[in-house]
Structures are given as structure tokens and as C-alpha cells.
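Q: Here it is, the structure in full.
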Amino acid sequence: MRQRVSKRLALVGGIGMWWVAAVAHAALPPTAVASGAPDEGDPRVEASLLVDATQVKPGDTFRVGVRFRLDPGWHIYWKNPGDSGLETDVAWDTPGTTVGPLQWPFPNTFRTPDGFIVTHGYDGEVLLFAQARASEQATGSLSLSAGINALVCEVHCIPADLMLTRSIPVGPQTLVDAETAPLFDTARSQVPRPVADTGHKAVLELDSKQLSPGQEFSGTVTVTSVNGAPVPTAEKDFFVAERIPGVAKVSLTQTAPGRYALKGKTEPDAPQGEPRLKGVLRLGAAASGFQPLEVDLPMVPFAAAQAAAPATPVVKAPSIKDSLAAVKPVASAAPAESSLGLGMALLFALLGGALLNLMPCVFPVLALKAYGFTRMVRQEQGRVGAHAAAYAGGIVASMLVLAGAVLAVRAGGAGVGWGFQFQEPLFVAAVCAVLVAFSLNLFGVFNVGLDGTSLAGKVDQSHGLMHSAGEGVLAVVLATPCSAPLLGTAVGFAFAAGPFTVLAVFTALGLGLALPFCLLVLVPGLAQKLPKPGAWMERFKQVLGFALLGTAVWLVSVMGGLAGVDGMTRLLAFLVAVSLATWVYGQSQLQEGGRKWASVTVAALVLGGSGVAALRFDDAAPAAHGALASPSSTMALAAPWSEEAVASALAAGKPVFIDFTADWCLTCKFNERTVLARDEVRNAFLEHQVAFFVGDWTRRDARITAKLAEHGRAGVPMYLVMSPGAPDKPEVLSELLTVDSVVDSVKRAAECSKSRHQDGAKVVCSAAFPRP
Amino acid sequence: MKQMFAALALGSVFVGVPAFADAEVGKPAPAFTLKDESGKEHSLSQYKGKVVVLEWTNPECPFVKRHYEADTMANTLKGFDAKKVVWLAVDSTAHNTPDKSADWKKKEGISYPVLQDASGATGKAYGAKTTPHMYVIDAEGVVRYAGAIDDDPRGKNAKKVNHVQTAVDAVLNGQPVPASTTTPYGCSVKYKS
């Protein structure tokens, strides 16, 4: 029934449109209509010159267009005709009127039956139109002419050369033509609009850092909706590329709504420079309506042209320098880092790992370890070394798992960075559950391993070692969101290099993390200085339990950023279930036989059931911009980061400060609260008219991942200061900000631009901003 | 981790997608043996040592008609040393016959053979999409140019750049071809399907 009604409505609508079109047609002067492409005397196309006003006021805008009506089976071509055909050309001759660029509704795709030849254009009817503006001096009437050159094809092709002319009276008022205006509005709704204007965000991530002539390339285009609404699925022929200089072919395949695999191939003599992926994309379905978007995304630069390519390729193991050069095609940021050797990277990784112990994320684990250690030193002298080795082993093993994950994801083409696993809600939930269970263990709700129950005499030693190894794993899991100084450099280096380097750097990082604890064992006498065990240990253990709960609170806030209030609520509900399950399990430890197993089963059911019920996180939940929402004064000045916004701020002569941050990055939050939020910084920003941008990496964002890689980094925080006087040479600040460093660099950036603005001939910039 | 699985799945999709084929500049030209309108066989290999120009054609296509009215192909060929350059027209139109080609040759006064490719096998091996679609193959059998005959799709420019002329001259002089790939224009090749 419903279907029948909608059909009838469509019929009525269709008749209405036909009537409107017919009336519009009837009102046209004979010179504004022409037919062409005669096929054995029968014209295959009819073109008419339409205007959406019956009278125009001088200085006002209106719309002019050419409506093409084609015989069934015949078509004309879009601005990129595809494999054959010819772009439809409309040349305007409109004295006293300026006409803007031609607007092209989203094209159809035509294929030969074998699919060998693919073209893009319009069949049936289409209105190609443009914005026009009458001159302020216009009087009498405006003459409008359109010269049309179109190729009209069915199986064979016939060129059409037509000239359409009409005039429109000039008057005190612009009068909209109620008959033609709807035709223009319909056509307008089919013209793709720039992605940003439609409340979407599009990101292109290519798998390679540069394009080589005659080579295939691949990548991913991701479209997200800024307001969090799901991106609709696209239907067949949803993407049509424009002609891109240097690029022979490019195509998109939908892998998920809003996610498209890109494949392409460059031309054999690819030009210099960086091509842009230009084309039109259509979301949605025919039944529910399409949303056409215009895509214009930077790709990666072409490799420098080689004079007379060598016939025999030189097989050479890629050096670290080559790898670095590949990740940083623009030798922009931190030139000192690019000479970083593997040895230095490993040293940095080791030191960075050691410093991680002092970060708020890892400290509770270290304290826990130190606590367990004091007891062990007294109780099992001989096994201290083994426990230290197990702890270090747990750390290194999980670091290697992390490195393996990084390599796997990288091989799959996605960009990853340090801390990337915290962009995954399920991972955050799992870590949270472990933390809560761990703290309940410390509170004595249940017992694990070494703290054996009534069988204290028979300490299961392997279990104890597992415990130590587990603490090592936990230390790594918690360490990732804390990016210590030096760490960014080392990990960035590793991500840019080959698999071996990734593994080596992560191993060094793990050893560094294990180092302070191992030192306690290796340095004789140091352990003796630890306090004697006693009743204080039980209290200390419980205090540590609260420290772990504190860490869990932080993870809950991370979840808020990932999955909104709903996600947080689900997580908290799950944590309550986890607590209940561990309590039931604790009870089971006091029981024996069937009852014991019944309790364990109940605990497992509670855990599993609540997990399935609660742990469903909506990826599309609105991103909470923690940094932007923070009430502090300077942060209130911030705008979301985008390349375009930065470029326009620089063009306007403003220095730019970019804060790449994430909710789960404690170092970032620390810097924002203690440095960026300070009045001195705010005043400096205001004084120098600094454009302040925040790039939020709480969730996956390929643009930010790429930006980090461009500066040799793999994780946040990263702070960039750019001067309008030298926009190509951003200054990369240290991961640990100070008020002075921020204020000074912003001042330098402003001065570089100032001297340039006042006296174009004399550009005086400091070393950080060399003259452009 | 969802992201990782997605990435891995994506990776396997890429492996399954076939590579783009077609005759490519810098690569050996696909071999062919085709009969001309008189039944005589022509193989690419028999012209080794000479520069070969391939012209995909279809006498019914308005773009081809325009170029033959203007003698574009004949004038281009005239500029070459006949001992070093061979010109072959190829017709991959499904409904073409040797008789039609012979009539066309006579009418237009064409001196070069019109190879019969009604099956479309050679045209598809080269990736010929339009009429005209031009290829220049050097003495070693390597494709050196693929694309349009000139830079004037609408046939309205007073001055045009003849891409084939430029490419053959460059190949004969041992120079790199300046624009070795251009976008061909014209009617689609009417392949059998």
C-alpha cells in the first residue's frame, strides 16, 4: 500500500515536473532552443538556454544554464569523459554579464558490455548551469549566448555544434522565474559540494610516501561525518575522478561505509610536484537520496625525476637514511633528527623506556613491583633474579607483540602511531577490567598465585614467575599513552624504518622500562636498603589498589572521548560486573568440590555475559574534544586543526601554534594544564595574534598520523610553531613544554613575519625560521 | 583489534585485484599477427628495426572522418623517412570487413595497410579505447608513445601539436619522448562484445 502511494506520488511529481519543463520550454524564444547531432536526419539532442529570472536588477546574481534532452540510449559527456568521448563545452558570450564556472551535476557511468571502455556523462536530461551576475551599469536588456560543442554518443557518436541566444530585461527588481527556478534547484542539488561544506571530513592516506612514474599505488580514503552521524553506504559507480595530471588511472572500492580502498597508476612520465585526488563522490542510495561530495585531497609527491633511468636496477639494502628520507619527503622538520643513527635511536629508546617508569601511567606498577620485591628479598633470596628476569621478559615480550601489531597494521596499509591501541574502545575496556581486578586482588577480594591461600607452604614457583611476567605486561600496557621525552624521536625513527629496526627499538624500549627494577637486583646492597616487611606491607598493598583504581578512572575518561557518555556508562557497568565476578571467584576460593566449581562457573558467566551485553561501543559516537572543552583560558582560543585552516591563517599573516594531542595522552594533558593554560602563554598568543589549532588524535585520524610521520614522530604530543614569514619551516617544540619555550618560539615566529610585512626586501628571521 | 583485522582484510583484497594491463610506455609492445584488407599478414616482429606507428581507426567515427578530411595522418606520415618508419592502421570495429576497409582505403587514397581486428584481441591487448588512438613503437619493439594524435580534440585550434610527429622525431633522434602519454580523444572503439 505504502509503496503504491509513493509510486503515485512519484507519478504526480513526474507529471508536475514535465508540466513545469513544458511551460518553461514554451516560454523560450526560438533562438534559445536548438537541436543537433542528426542521425540519418533525426536529431539526437535538443539544447535550450534557460535563465532562472524573468527580469534582472543591475548588480544582481541569477543563474543561466543549458538543458540538454537526449534521445533514449544517447548521452553526452562529463568534464572528464573517461576512456573516450569529449567533454561537453559551453562557451558563454554575455556582454554586461559575468558568468561563473560551469556546474556539473554528478555524472552517470557508462560501460561497454564487456566493461572495457568506461565513460562518464549524462543521458535523458541534464541542466549544466552557472552563476551569472549582471553588471551594475546594465540597462535595457542583457543578451545571453551559449556556444555548445558536445559529442553525442549511443554506440556511434555524432558531434553537435549549437548556438543558443536570448535576452533578458533589466529592471528595478530581480524577478525569479517560478517555472525554471525549480529546474535549477534540482540540478543544484545534484552538483557535488566540497566535502567540508557538507559536514564531512575526508582523509586520503596513501600506502607509499611518494609516487614513481609508471607505478601502481594504493591507499585508503576515509570519509567521516563531523557531527557523528553515520556515513551512508555508497552505491555502484559512486566515485568519478577528474583528470589528474601525472595519474593515469584511479579508482575507489568501498570496503565499509565511509571507507574506500584506492587503487591507481601513475603515468610513465609523471610530472614533478604533488598531485591532488580530485573527483566526485556520491554517498547514499537511489531510494533514500544521494549526497554528492566534491573530493580534493593532497596525494603524495612524485619521486624526483631521474635523468635517463638506469637499465639495470641497483639492488641495495635500504639504508636507515633512505628510510628516513622516504618518510620525510619534505626536508622540513628537525633536520638534526634525520641524521639519527640506529645506535642513537636504541639509546634514546632505552633512556625513554627508563623515564617511562616515572610517568603517572606506569608508576603504580613500579610501586607495586617494588612492594612485592621487598617481600621477596626477605623470603626467597635465591629467586629474586628469576623474578626480575620474568618481569623484564614480560615487558620485552609484550613490547614485541606491540611491534608485531605495528608491523601488521602497517603492512595492511593503515597508519599507526604510538598509543594507537588506545584508540580502540574494546582495548581500553579490557585494560580497565584488568586494573579493577588487580586492585580488588590487592584489597584481598580474591587471591592469585604467590599469595596462595591455605597452602602457603607450597608456593607454586612457576605461578609466581608468571605473576612477575604479568606485571611486566601490565607495565607496557599502561606505559603506551605516556610519551616520555626522547621516546617520540625513537619510536618515530622505528616506524619510519624496516621491520628489524622496529623490533630492535621496541626491545630497547622494553629493556629501558625494566631497567630500574633490574638495577635493584643487580646492584648489591641496594636491595638491603629497602624497608623490612611487616604489617605496613598489607596497608601499602591496599593503598596501591587505590592507585590502580585511580588509573582506571583515567581510562574511563579516555573511553568518554572514544565512545561518549554512553560508552562510559557501559564501561562502568561492565566494571561493576567484573568486580562482582572477582568477588564470586574469591568466595569460591574458600569453598571446595562442586560448590567451588559452581561459584567459578557463576563468576565466568557474570563476566562473559556482562561483557557481551555491555561492551558494544559505537565508533560513530561524537568525539569529545577534551582539549577544546577544557575550561582553561588559552585552550578556549583553540580551533580544530586542518591543513586548510593552517594555510589560511598563515596566508593572513598570523603565526600558527598547533597542539597535536589525545585525551589518553597524559603528557599532552599535563602540558595543556601546566603550560598552555597559563596566562603568560595566553597573553603571548593574543599579543602576536597566534592562530591556535588543536589536532585531536584521541580517535584514529590518518591526517594527523601522516602529519606526525612528516616530522619523524609516531605519537603525540607534538607541538608545531609556524611563521607566516617561513611557512615551510615549522619549528617542532620539545614534548615537555615550558612557558618560556612556547612564548619564545611564538615571538620568533611573529617577528619573522613582521619584518617581512613591514619591509618586503629585508626579511630578518631567527635561526629557527630561516628566511624563506 | 578491529583496526588490525580490517587492515589485514584490506591487504588481502588488494592482492586479489588484477593489475592494470594495456600497452605501456617503456614496456615491450604486445605482439600481434593480423591480416590487412587484402589478406596479407603483418606481424609486429617482422618490423623489428623500424619505428612502427599504430593508428586505431574506424571510418564511421566523426573524429576519424575529420582527420581524414584534413589529411592529418597522410601529412604526418609524409614527414617521416619511409625506410625507418612503418605506419599501420588497425580497425577493431566488430562489424568491419576487409571490403569496407578496401573501399575506405581507395576513397581516402591511403597508402598503408588497414589491419583487420574484428575480434578486438589486439585492440584490447593494447588498451586501445578511442578512434583515433595512436601508439609509437621503437626499433627494439618498446612502446614509446601512447595517446592522442594531437592536442586539439575539438579540431578548432589554428596551431596544434602533433604528438605522433613529435614522438617519432624524438625516437629517431635517440631523444626521450617529451609527452609520452596523452589522453586520447574520439569515439570509443566499437569492440565485439
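Q: Any residue at all in the range A:547-560 that is crowded, with 18+ Cβ neighbours inside 10 Å, touching a Gly at 6+ places or on another chain (Cβ under 8 Å) and assigned to a helix (DSSP H, G or I)?
A: Yes, the conditions are met somewhere in the range A:547-560.
Q: Would you check if there is a residue in the range A:179-198 being open to solvent by less than 30 Å² (accessible area, probe 1.4 Å), in a strand (DSSP E or B) and in contact (Cβ under 8 Å) with a residue 40 or more places away in the chain? Talk me through it step by step, then tell me what you get.
A: Initial filter on the range A:179-198 (open to solvent by less than 30 Å² (accessible area, probe 1.4 Å)): A:180-181, A:183-184, A:187, A:191-192, A:195, A:198.
Next, only the ones that are in a strand (DSSP E or B) stay: none.
No - not one qualifying residue is present in the range A:179-198.
Q: Output the residue which, of all residues in the range B:61-78 that are touching a residue at least 40 places away in the same chain (Cβ under 8 Å) and not hydroxyl-bearing (Ser, Thr, Tyr), is farthest from the other protein chains (Cβ to nearest Cβ). Write out each step before concluding.
A: Taking the range B:61-78 and keeping what is touching a residue at least 40 places away in the same chain (Cβ under 8 Å), we get B:61-64, B:66-68, B:70, B:72-73, B:76.
Narrowing the set further to residues that are not hydroxyl-bearing (Ser, Thr, Tyr) leaves B:61-64, B:66-67, B:70, B:73.
On the way: B:CYS61: 7, B:PRO62: 5, B:PHE63: 8, B:VAL64: 10, B:ARG66: 8, B:HIS67: 13, B:ALA70: 14, B:MET73: 19 Å.
Within the range B:61-78, the match that is farthest from the other protein chains (Cβ to nearest Cβ) is B:MET73.
Q: Inside the range A:115-151, can you point out the residues that are open to solvent by less than 10 Å² (accessible area, probe 1.4 Å) and more than 42 Å from the chain's Cα centre (by Cα)?
A: The answer is A:ALA134, A:LEU142, A:LEU144, A:ALA146, A:ILE148.
Q: Only residues that are open to solvent by 60 Å² or more (accessible area, probe 1.4 Å) and over 16 Å from B:LYS27 (Cβ atoms): list them for the range B:170-182, please. Before the answer, list the steps.
A: Filtering the range B:170-182 for residues open to solvent by 60 Å² or more (accessible area, probe 1.4 Å) gives B:172-176, B:178.
Passing the criteria: B:LEU172, B:ASN173, B:GLY174, B:GLN175, B:PRO178.
Q: Return yes or no: is A:LEU605 under 27 Å from A:PHE427 (Cα atoms), in a helix (DSSP H, G or I) and modelled with pLDDT of 75 or more? Give the derivation first.
A: Values: under 27 Å from A:PHE427 (Cα atoms): yes; in a helix (DSSP H, G or I): yes; modelled with pLDDT of 75 or more: yes.
Yes; evaluated as a whole, the condition is true for this residue.
Q: Further, regarding this structure: Looking for something in contact with a strand residue (DSSP E or B) (Cβ under 7 Å, 6 or more places away or on another chain), open to solvent by 20 Å² or more (accessible area, probe 1.4 Å) and closer than 18 Å to B:ILE137 by Cα - is there at least one such residue anywhere in the range B:109-117?
A: yes
Q: Could you tell me whether A:ASP60 is of a type in the set (Asp, Glu) and buried (at least 18 other Cβ atoms within 10 Å of the Cβ)?
A: No; evaluated as a whole, the condition is false for this residue.
Q: OK, next. Scan the range A:584-598 residue by residue and report those that are part of a helix (DSSP H, G or I), at pLDDT 75 or above and open to solvent by less than 50 Å² (accessible area, probe 1.4 Å). I'd like the intermediate steps shown before the answer.
A: Here is the first cut: in the range A:584-598, the ones part of a helix (DSSP H, G or I) are A:584-588, A:593-598.
Adding the requirement that they be at pLDDT 75 or above leaves A:584-588, A:594-598.
Hits for the range A:584-598 are A:VAL584, A:GLY586, A:SER588.
Q: Hey, another quick one. Within the range A:746-761, is even one residue in a helix (DSSP H, G or I), at pLDDT below 75 and among the small types (Gly, Ala, Ser)?
A: Yes: the range A:746-761 contains one or more residues that are in a helix (DSSP H, G or I), at pLDDT below 75 and among the small types (Gly, Ala, Ser).
Q: So, in the range B:144-168, how many residues would count as being within 18 Å of B:VAL25 (Cβ to Cβ), in contact (Cβ under 8 Å) with a residue 24 or more places away in the chain and of a type outside the set (Gly, Ala, Ser)?
A: So the first thing to find is which residues in the range B:144-168 are within 18 Å of B:VAL25 (Cβ to Cβ), and the list is B:144-151, B:161-168.
Narrowing further to those that are in contact (Cβ under 8 Å) with a residue 24 or more places away in the chain: B:144-151, B:162-165, B:167-168.
Those left that are additionally of a type outside the set (Gly, Ala, Ser): B:144-145, B:149-151, B:162-165, B:168.
Adding up the residues that qualify gives 10.
Q: Between a first residue in the range A:468-482 that is open to solvent by 10 Å² or more (accessible area, probe 1.4 Å) and a second residue that is at pLDDT 75 or above and among the hydroxyl-bearing types (Ser, Thr, Tyr), which pairs have beta carbons less than 8 Å apart while being 6 or more apart in sequence or on different chains?
A: Within 8 Å, the pairs are A:ALA469/A:TYR391; A:GLU471/A:TYR391; A:VAL473/A:SER398; A:VAL477/A:SER398.
Residues are listed down the side, and each one gets a yes or a no for (1) surrounded by 21 or more Cβ atoms within 10 Å (Cβ to Cβ); (2) modelled with pLDDT under 70; (3) away from chain B (no Cβ under 14 Å):
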site: A:VAL377; (1), (2), (3): no, yes, yes
site: A:GLY382; (1), (2), (3): no, yes, yes
site: A:ALA386; (1), (2), (3): no, no, yes
site: A:ALA389; (1), (2), (3): no, no, yes
site: A:GLY393; (1), (2), (3): no, no, yes
site: A:ALA397; (1), (2), (3): no, no, yes
site: A:LEU400; (1), (2), (3): no, no, yes
site: A:LEU407; (1), (2), (3): no, no, no
site: A:GLY415; (1), (2), (3): yes, yes, no
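Q: Let me ask you something else. Would you tally the residues in the range A:217-241 being surrounded by fewer than 17 Cβ atoms within 10 Å (Cβ to Cβ) and within 27 Å of A:TYR77 (Cβ to Cβ)?
A: 3
Q: Continuing with the same structure: Would you mind listing the strands (runs of 3 or more DSSP E) fully within the range A:103-166 where at least 1 residues are farther than 24 Å from A:SER251 by Cβ, within 14 Å of chain B (Cβ to nearest Cβ) and in contact with a His (Cβ under 8 Å, 6 or more places away or on another chain)? Don't jump to the end; show me each part of the working.
A: Values: elements: A:108-111, A:118-123, A:125-134, A:141-153.
Passing ranges, in order: A:141-153.
Q: I would also like to ask the following. I'd like to check which strands (runs of 3 or more DSSP E) are fully inside the range A:223-306 and have at least 3 residues that are within 14 Å of chain B (Cβ to nearest Cβ), closer than 26 Å to B:ASP22 by Cβ and free of Cβ contacts under 8 Å to residues at least 24 places away in the same chain.
A: Details: elements: A:239-241, A:247-256, A:259-266, A:276-285, A:289-298.
Answer list for the range A:223-306: A:247-256.
Q: In the range A:699-719, is there at least one residue being away from every other protein chain (no Cβ under 14 Å), at negative phi, surrounded by fewer than 19 Cβ atoms within 10 Å (Cβ to Cβ) and free of Cβ contacts under 8 Å to residues at least 12 places away in the same chain?
A: no
Q: Any residue that is open to solvent by 10 Å² or more (accessible area, probe 1.4 Å), at pLDDT below 90 and under 42 Å from the mean Cα position of the chain (by Cα) - is there at least one of those in the range A:104-111?
A: Initially, the range A:104-111 is screened for residues open to solvent by 10 Å² or more (accessible area, probe 1.4 Å), giving A:104, A:106, A:108-111.
Narrowing further to those that are at pLDDT below 90: A:111.
Still in the running and under 42 Å from the mean Cα position of the chain (by Cα): A:111.
Looking for residues that are open to solvent by 10 Å² or more (accessible area, probe 1.4 Å), at pLDDT below 90 and under 42 Å from the mean Cα position of the chain (by Cα), one finds at least one in the range A:104-111, hence yes.
Q: Which ones in the range A:75-100 are in contact (Cβ under 8 Å) with a residue 60 or more places away in the chain and more than 13 Å from chain B (Cβ to nearest Cβ)?
A: Selection gives A:ILE76, A:TRP78.
The values are calculated or read from the model by the stated rules, or taken from the named source; none is laboratory data. All figures in this text were calculated on a predicted structure; none of them were measured in a lab. For neighbour counting, all protein chains shown are included, and Cβ atoms are generated from backbone atoms with ideal geometry for every residue, glycine included. Quick note on the areas: whole protein, heavy atoms, side chains included, nothing else; ligands and nucleic acids left out. Shrake-Rupley method; radii C 1.70, N 1.55, O 1.52, S 1.80 Å.
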